[in-house]
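Here the structure is laid out as structure tokens; the discussion comes afterwards.
The values are calculated or read from the model by the stated rules, or taken from the named source; none is laboratory data. Note that the coordinates shown come from a computational prediction; the quantities given were computed from them, not determined experimentally. Because the Cβ atoms are built from the backbone with ideal geometry, glycine has one as well, and the counts that use them run over all protein chains shown.
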Amino acid sequence: MLARATSEQGLGRFLELRNIQKWFGGVHALRGIDLTLQLGEAYHLLGENGCGKSTVIKIMSGALEPSAGEIVLDGRTFTALTPIQSLAAGIETVYQDLSLLPNLTVAENVALNEQLVGANGRLARLFDRSRLRQTAERALVTVGLPTDRTFLNTTVSDLPLAARQLVAIARAIATRAKLVIMDEPTTSLTRREVDNLIRVVERLRSENVAVLFVTHKLDECYRIGGHAIVFRDGQCVAQGPIENYSKKQLAELMTGRVIDSERYRTGKPMAAELLNVSRLMAAGVEEVSFGVRQGEILGITGLADSGRNELAMAIAGVEPAGSGTITLEGRDVSIRRPADAIANGIGYVPEDRLAEGLFLDKSIFENEIALIITKLSNALGVVDKEEGRTIAARLSEEMRLNTKDLDLPVGALSGGNQQRVLIGRWLSIAPKLLVLHGPTVGVDVGSKDTIYRAIQSLAEAGMGLIIVSDDLPELLQNADRILVMNNGRVVAEFDAEQATEDQLYRAMLTSKMETVQ
Amino acid sequence: MSASRIEELQESTSETRSFSLGDLIRRRPETITLMLLVAICVIVTAINPGFLQPSTLIDIGRASVVMGLFALGVFIILAAGGIDVSFTAIAAFTMYSLTVLVLNHFPATPIVVILVAAILGGTLLGVINGLLVYHLKVPSLIVTIGTQYLFRGFLLSFIGTVWIMSLPPQMGAFGRMPLFQFESANGAVVTLPFYFLILPIAALVTWWILNRTLMGRAIFAVGGNANIASRLGYNLRTVQIFLFGYAGALAGLAGIIHVCANRQANPFDLVGTEINVIAAVVLGGARITGGTGTVLGTLLGVLLIVVINSVLVMVGIPSTWQRLVVGIFILLAAAFFVTRQRKK
């Protein structure tokens, strides 16, 4: 199982981790990691959420100190790195949260660090504006962003997410980096931008730069090629050329159990119609009509600007519809705000669970009972905590949360578990219809499996579900029918059991041209 | 986020050069401050043309110095996402102890040395703030509320509570030293004091630090997001110590100028005016959550408050209305900035 990287004594050996251990309080997050990264190579660090990937990255970039072990960087041995040491040695990191400074300009975000590192972190230095602009221009061209003065002086908080992701990548390659670490760099990029990123990576490798990816998107790993490094429970369980492993093997290595990528959907929808949407209009949504039966799982997909997000938010009352009717169990309902949706038994799990869904510093218990807090409280407003705990424990059980400690803050959980808490919360009001928006974005293989099983058992119980997602395998595996949206309209409908990814893609893209013509 | 968005971005960046007032205000919120200031001046002049007399303008200039120095300190801390309410106590502490020291022990100290000592004393107290903020990991508001009480308590308990009416002569002389003088229409001599120069110099230095040094960029970076800034290699400890030290230096300087200008040293002075200063900075377009603002805006905010304070009487509005007006302006400006940001 343990395949070592080839040519261990290469001249290009850049960074070596030797028996790195990391404890967080009583948690043994890294249990002796040995890793060698060579210049000019691409590496894919794979593993479930919470397996120690982020911790290793933070140790490489100097954001965390290891508890034991040593780091050999460019021939020098360290027990820990500081951010400046790591940057000065040429390790650049594109963090998952992008780590951009929202109030600074594009140029400053891209190129200021070059000067900071050049000054070795000392701040009593002049700041060179013309060099800032030159460095920024060079890096922005590489990632395919504009380089005119207006763009350079745009504040990052005014940019769309995809552009921010590219700005973060531009910062990483603005300096003479030797190792670029990218933590899930493609989550908000479209196919074309991903293609561009892959070209950037190829260029970096040809310039003898090492690239380390952390990602859940295995298809992209295969396209880029290079070495796979698989982590599980703080240990490195496999290393070797990625083409030696199949997707299934990698998934099994990551989870330590057999994952079948078969169709999850086993049940059949019932006859009774649950939801009927007729001629719905909203910002970006043009006269959409469809129905959902009880126990049915409806998938909705499309490009990011196809209107699929707006449709989901209109049904959930987040951004109410302009016109059209929504009928639930034969009754016309008016949904002007989220509270109306909840009152009618429509639950909504938003795409951005961190910003829109969860109270991160509150406990699992408090998050789970957030929707039923008025039901749990008596006339004086005192909450029946015992009852609440019983309910929260049942929901956590149902969603197979991997902790029994309901007092743990939700922010301390992995992405998959957070998502399960969020879905569990909706179960507390037993909704008739649950709208799931990107239910497994940023969630690892093992958690996906649990979430899919939970979705299926909800449908078994008669709940109607709408999954809005751009993860096509997810829809194909889970849904009964899939609607494809384009330019605000539903342009195609597929039977999920028959359809292929390719068909869906084609509907998403080509029908766009038809509607334009 | 699709590819088309990025393309739009590429296209739109070339178009947005065209002038738009809304855009200007969003980028430079201090435009609003300037517009308010001009509006007030026009209205006041229309009602009472006496407002535009040089003597009034010079009064305004003189009254802005202490507040302006304080405001620069508050602004630089606000830019880094912190807040300081102890600067008045630092000023009171330095000005009073220094006056006592000069009066009782070193009567021959030249004024330059006194000014430098005030700056150093203020820096020292500011650095204490900075160290506490960094090492206690407590929000700077709490730390500086604590140190405000501490500095002021120490001053009143150990250094003195006596109102000093007769200053050391060199300090009084500095307060009176003219930058230029002329006779106004009614025959009275109008003086713009020399110490007025200190405000534009301090403003220039602050501007230079913020815009031309790495420290300046680090301050805004920390104000944008302290965690990210530290991940990118900015040393938070250095930044915090510098910030509070610099604000302390400005406060010490403001304190001693306050004494020289008023020709008396009252240990009970200054503390209590923090909110006025913070209001000026916020009116100048700096966001209370940090990471934004300009030196020019801060100065405009100070001018706005000083003008409101001094001109209401000229148009026959009772001076008790001053707070009312300032309060309304703050709410209006805040509401305006917020809606601008939402619209994007």
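Taking (1) at pLDDT 85 or above; (2) over 23 Å from A:TYR505 (Cβ atoms) in turn, A:ARG176 satisfies each apart from (1). The single condition from (1) surrounded by 14 or more Cβ atoms within 10 Å (Cβ to Cβ); (2) within 27 Å of the chain's Cα centre (by Cα) that A:GLY256 fails is (1). Taking the range B:164-187 on its own, how many of its residues are touching a strand residue (DSSP E or B) at 6+ places or on another chain (Cβ under 6 Å), aliphatic (A, V, I, L, M) and more than 21 Å from B:ASP269 (Cβ to Cβ)? Total satisfying the criteria: 1. A single member of B:LEU253, B:LEU243, B:LEU232 is within 30 Å of A:SER61 (Cβ to Cβ), buried (at least 21 other Cβ atoms within 10 Å of the Cβ), of a type in the set (A, V, I, L, M) and within 14 Å of the chain's Cα centre (by Cα), and it is B:LEU243.
Checked against the criterion of being modelled with pLDDT of 85 or more, exposed (fewer than 15 other Cβ atoms within 10 Å of the Cβ), away from chain A (no Cβ under 14 Å) and over 30 Å from A:ASN309 (Cα atoms), the candidates B:VAL85, B:VAL65, B:VAL42 yield just one match: B:VAL42.
Of all residues in the range B:96-115, those that are assigned to a helix (DSSP H, G or I) and surrounded by fewer than 14 Cβ atoms within 10 Å (Cβ to Cβ) total 3.
Of the residues making up the range A:65-81, none is part of a loop (DSSP other than H, G, I, E, B) and facing chain B (nearest Cβ under 8 Å). Among the residues of the range A:341-383, those identified as assigned to a helix (DSSP H, G or I) and over 29 Å from the mean Cα position of the chain (by Cα) are A:ALA343, A:ILE373, A:THR374, A:LYS375, A:LEU376. Might you check whether a residue that is assigned to a strand (DSSP E or B) and within 30 Å of the chain's Cα centre (by Cα) occurs anywhere in the range A:308-321? The answer is no; no qualifying residue exists. The conditions of being in a helix (DSSP H, G or I), more than 27 Å from the chain's Cα centre (by Cα), away from chain B (no Cβ under 14 Å) and free of Cβ contacts under 8 Å to residues at least 24 places away in the same chain are met by A:GLN134.
Within the range A:108-126, is there a residue that is facing chain B (nearest Cβ under 8 Å) and assigned to a strand (DSSP E or B)? Looking through the range A:108-126, at least one residue is facing chain B (nearest Cβ under 8 Å) and assigned to a strand (DSSP E or B). For the range B:279-304, filtered to residues that are within 14 Å of chain A (Cβ to nearest Cβ) and not hydroxyl-bearing (Ser, Thr, Tyr), the residue that is farthest from B:ASN227 (Cα to Cα) is B:GLY285. Residues of the range A:135-153 include none that is of a type in the set (Val, Ile, Thr) and in contact with a strand residue (DSSP E or B) (Cβ under 9 Å, 6 or more places away or on another chain). Can you find a residue that is surrounded by fewer than 20 Cβ atoms within 10 Å (Cβ to Cβ) and either in a helix (DSSP H, G or I) or touching a strand residue (DSSP E or B) at 6+ places or on another chain (Cβ under 6 Å) (or both) anywhere in the range B:281-296? The answer is yes; a qualifying residue exists. Restricting attention to the range A:388-439, the residues that are in a helix (DSSP H, G or I) and among the aliphatic types (A, V, I, L, M) total 10. Restricting A:GLY442, A:GLY462 to those that are at positive phi, at pLDDT 85 or above and assigned to a loop (DSSP other than H, G, I, E, B) reduces the list to A:GLY462. No other residue among B:ILE278, B:ILE241, B:ILE256, B:ILE209 is part of a helix (DSSP H, G or I), in contact with a Leu (Cβ under 9 Å, 6 or more places away or on another chain) and closer than 26 Å to A:LEU100 by Cα apart from B:ILE241. Picking from residues in the range B:90-108 that are touching a Pro at 6+ places or on another chain (Cβ under 8 Å) and not aliphatic (A, V, I, L, M), the one that is nearest to B:LEU150 (Cα to Cα) is B:TYR96. Exactly one residue out of B:GLY82, B:GLY121 is closer than 21 Å to B:VAL143 by Cα and part of a loop (DSSP other than H, G, I, E, B), and it is B:GLY82.
On the stretch given as the range A:240-254, residues that are under 7 Å from A:ALA228 (Cβ atoms) and part of a strand (DSSP E or B) total 1. Just one of the numbered conditions (1) closer than 30 Å to A:ARG192 by Cα; (2) surrounded by fewer than 17 Cβ atoms within 10 Å (Cβ to Cβ); (3) within 7 Å of chain B (Cβ to nearest Cβ) is not true of A:ARG149: (3). Within the range A:59-81, the residues that satisfy the criterion of being under 21 Å from A:ALA174 (Cβ atoms) and without any contact (Cβ under 8 Å) to a residue 24 or more places away in the chain are A:ALA63, A:LEU81.
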